[in-house]
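See below for the structure under consideration.
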Amino acid sequence: MTSTPATPEAGTLDTPDFPPPRSPECPFAPSPDLRALSGYGPLTRVRSWGDSTPWAVTGHAEQKALLSDPRLSVEFTRPGFPSPVDPSHSHAGSTDLSFVGMDDPEHARLRRMVSGAFTIKRVEAMRPRVQEMADDFIEAMLRGPGRADLVQDLALPIPSLVISEMLGVPYEDHAFFQSNSKVIVSAVASPQERATAHGNLAGYLDELVGRKITEPGDDLLSSLCAQIESGGLTRREAATMGVLLLLGGHETTANMISLGTLLLLQHPDQLALIRDTDDPAVIRTAVEELLRFLSIVHLGRRRTAVEDIEIAGRTIRAGEGVILLGELANRDPEVFPEPDRLDLTRNARHHQAFGAGSHHCVGQPLARMELQVIYPTLFRRIPTLRTVDALEAVPFKYDAVIYGLHALPVTW
């Protein structure tokens with residue numbers, strides 16, 4: 001990367017390997033190399049991933065506008081789509097990721113079939129059950145030897161159990177879908193390895209869909225099977241939607257639980273704000289700030305322009321790629337004063353951790369509710385919780401597209 005900020009006429013920044021999102025020097029914040037992109041303005045061209053020259057969007061306002069702009073396409077196979085791999089050589093270049101890789105109206109048609117399950121009203125009805133899970137898993141930790149891996153013993157099992165019960169997936173299969181999910185979100189796995197893992201999950205969900213067509217239950221997958229019966233959905237579509245929901249329903253939340261816990265243990269004054277309150281509004285505000293501060297989605301939200309777009313004094317031409325870097329938008333000082341300071345009293349609700357526009361995360365009400373339950377419950381039940389290892393010894397997921405921790409040994 002060049003070291004002097006470019007002028008609008010200076011052309012394209014040379015970044016043969018797109019700047020790593022995180023680095024050991026600042027594990028809770030975007031890497032210095034990535035942050036440097038903001039110095040070139042809210043929108044700048046970068047040369048990256050071979051001969052690709054996408055636009056990197058760093059400004060909060062510009063990202064919000066572009067994420068809601070129908071002139072940007074999410075379809076992976078369009079020429080110009082920014083990707084570190086050839087989309088035609090990866091499952092990510094197909095429709096196997098269901099509606100997240102489709103534009104409207106097909107995106108809207110499929111999304112409507114699942115969005116009803118994630119309304120705030122329905123999610124809030126699940127809160128007592130999630131509270132029960134949190135109490136049970138923490139109690140199991142306390143019955144142990146006084147030491148645990150927070151990832152394996154709390155952060156990963158709760159979201160996995162929640163989404164399993166919602167979908168109607170047997171939780172006893174959690175080791176299978178967790179191991180395959182880990183490969184899919186790996187930044188170092190080969191395209192073939194990711195495709196194989198995705199195929200494993202797709203085959204598993206297809207078999208489960210087949211069973212639920214004849215033996216439906218009171219779950220989301222069964223409701224999708226009803227759409228098959230009515231002709232509104234194909235069996236393949238139902239299975240791939242199941243993969244998406246199973247993967248998205250546990251990977252992101254699990255990483256937020258463990259990473260947020262570690263972050264709070266580094267900031268005991270902020271941790272106390274969560275531990276010592278019974279005000280739901282205080283907890284909600286704290287969770288939004290954690291979502292802003294950590295911004296765990298790596299590689300940005302990627303798009304291709306299908307028409308010319310004028311924005312921030314620049315013109316994105318049809319066919320050009322766009323990378324919307326949420327971790328930088330969430331550190332935009334024009335929107336979040338002192339963005340590198342963790343402040344759990346900050347009004348951070350307008351962060352973009354879940355995206356924006358028609359492709360915003362459909363499961364965000366569920367993720368928010370789980371975090372609102374688990375953080376305060378953990379710190380109230382185990383007020384002396386502390387990490388076993390020094391921060392520099394904690395294994396962060398620098399090798400994944402969803403940031404988090406591989407493990408978090410804790411004691412009390």
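Quick notes on this one:
- Test: residue in the range 140-157 that is hydrophobic (A, V, I, L, M, F, W, C) and closer than 25 Å to residue 223 by Cβ: no
Listed here are the residues, each with its yes/no results for (1) closer than 17 Å to residue 271 by Cβ; (2) under 21 Å from the mean Cα position of the chain (by Cα); (3) free of Cβ contacts under 8 Å to residues at least 40 places away in the same chain.
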position: 328; (1), (2), (3): no, yes, no
position: 332; (1), (2), (3): no, yes, no
position: 339; (1), (2), (3): no, yes, yes
position: 345; (1), (2), (3): yes, no, no
position: 367; (1), (2), (3): no, yes, no
position: 370; (1), (2), (3): no, yes, no
position: 377; (1), (2), (3): yes, no, no
position: 382; (1), (2), (3): yes, no, no
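- If the condition is being among the aliphatic types (A, V, I, L, M) and free of Cβ contacts under 8 Å to residues at least 60 places away in the same chain, then the range 384-406 contributes 390, 393.
- Within the range 272-298, the set of residues being touching a Ser or Thr at 6+ places or on another chain (Cβ under 9 Å) and more than 17 Å from residue 134 (Cα to Cα) comprises 273, 282, 285, 286, 289, 296, 297.
- Residues being open to solvent by less than 30 Å² (accessible area, probe 1.4 Å), closer than 20 Å to residue 272 by Cα, in contact with a His (Cβ under 6 Å, 6 or more places away or on another chain) and not basic (Lys, Arg) are entirely absent from the range 362-384.
- Residue in the range 328-347 that is modelled with pLDDT of 95 or more, closer than 24 Å to residue 74 by Cα and open to solvent by 30 Å² or more (accessible area, probe 1.4 Å) present: no
- Matching residues in the range 296-318 - criterion: being in contact with a Lys or Arg (Cβ under 8 Å, 6 or more places away or on another chain) and within 19 Å of residue 405 (Cβ to Cβ): 298
- Checking the stated criteria, residue 124 turns out to be modelled with pLDDT of 95 or more and of a type in the set (Asp, Glu).
- Of the candidates 312, 407, 367, 356, the single residue that is small (Gly, Ala, Ser) and more than 27 Å from residue 70 (Cβ to Cβ) is 407.
- All helices (runs of 4 or more DSSP H) inside the range 99-160 with 2 or more residues being surrounded by 19 or more Cβ atoms within 10 Å (Cβ to Cβ) and either free of Cβ contacts under 8 Å to residues at least 40 places away in the same chain or in contact with a Cys (Cβ under 7 Å, 6 or more places away or on another chain) (or both): 127-142
The values are calculated or read from the model by the stated rules, or taken from the named source; none is laboratory data. Predicted, not measured: the structure shown is a model, and the values here were computed from it. Cβ atoms come from the backbone with ideal geometry, glycine included; neighbour counts cover every protein chain shown. Each accessible area value is taken on the protein alone, full model and side chains, heavy atoms only, with ligands, DNA and RNA left out. Shrake-Rupley method; radii C 1.70, N 1.55, O 1.52, S 1.80 Å.
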